[in-house]
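What follows is a set of notes on a single structure, which appears directly below.
The values are calculated or read from the model by the stated rules, or taken from the named source; none is laboratory data. All values derive from a computational prediction rather than experimental measurement. So basically every Cβ, Gly included, is an ideal-geometry build from the backbone, and we count neighbours across all protein chains shown.
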């Protein structure tokens, strides 16, 4: 395959689409605005086909696992939970006009399986968080001491017993959240935006080609 097709044509398409999308937010020109709207529609269509491909690959992978080991319960559960709601929702929409988003049986399955599963996973994660907090909250250095103090203030400020011990824990916790935490969050957000912008610039200049799936 020619290097032009492998490298430069995808790069040129990405540059053109990025330019049109960026200009859509800066100028009010009907031609550019309509092109940007068409690009967003095409993006939604491409995303739909990407989801179809992902479902197909996932089904094929677990079907092969079941062929090799018929007792793989997790693969059976995944395929059943994937295809039964999908086929049922599409059938109800095709023959009765009921959208899957408002299908009562699918909603009941979600409320009966997915919602309790999420609660179970979060409950299990509590023990991992407690274990990590026990290892991290050790005053071995200045940074660890600051982390320990902030954690104690946050826990006592949120727990009812903290207000009984000292009423000042709640306003102190609010001050930490509004001053320290918010300032650190802004620094992290700004750093992430600058890093994303730098990555986009590298992609537009052709230095970053990892998004093509190749490292050359």
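Observations on the model:
- Checking each residue in segment 137-151 for being surrounded by 14 or more Cβ atoms within 10 Å (Cβ to Cβ) and either touching a strand residue (DSSP E or B) at 6+ places or on another chain (Cβ under 8 Å) or without any contact (Cβ under 8 Å) to a residue 24 or more places away in the chain (or both) picks out 137, 147, 148.
- The single condition from (1) within 30 Å of residue 200 (Cα to Cα); (2) modelled with pLDDT under 85; (3) surrounded by 11 or more Cβ atoms within 10 Å (Cβ to Cβ) that residue 110 fails is (1).
- Single residue of 212, 203 found to be touching a helix residue (DSSP H, G or I) at 6+ places or on another chain (Cβ under 6 Å) and closer than 19 Å to residue 18 by Cβ: 212
- Any chance residue 109 is touching a residue at least 24 places away in the same chain (Cβ under 8 Å) and within 24 Å of the chain's Cα centre (by Cα): yes
- Residue that is part of a helix (DSSP H, G or I), modelled with pLDDT under 80 and more than 29 Å from residue 78 (Cβ to Cβ), where the choices are 150, 133, 183: 133
- Condition broken by residue 139, with the remaining ones in (1) in a helix (DSSP H, G or I); (2) more than 30 Å from residue 12 (Cβ to Cβ); (3) modelled with pLDDT under 85 satisfied: (1)
- Residue in segment 74-97 that is modelled with pLDDT under 85 and not in a helix (DSSP H, G or I) present: yes
- Looking only at residues of segment 153-168 that are under 34 Å from the mean Cα position of the chain (by Cα) and either in a helix (DSSP H, G or I) or at pLDDT 85 or above (or both), we find that the one that is nearest to residue 130 (Cα to Cα) is 155.
- So residue 173, is it farther than 30 Å from residue 84 by Cα and either surrounded by 10 or more Cβ atoms within 10 Å (Cβ to Cβ) or modelled with pLDDT under 80 (or both): yes
- Exactly one residue out of 31, 18 is in contact with a helix residue (DSSP H, G or I) (Cβ under 7 Å, 6 or more places away or on another chain), at pLDDT 85 or above and either part of a helix (DSSP H, G or I) or within 30 Å of residue 201 (Cβ to Cβ) (or both): that is 18.
- Verdict on residue 179 being out of contact with any strand residue (DSSP E or B) (no Cβ under 7 Å at 6 or more places or on another chain), surrounded by 10 or more Cβ atoms within 10 Å (Cβ to Cβ) and either more than 18 Å from residue 147 (Cα to Cα) or touching a residue at least 24 places away in the same chain (Cβ under 8 Å) (or both): no
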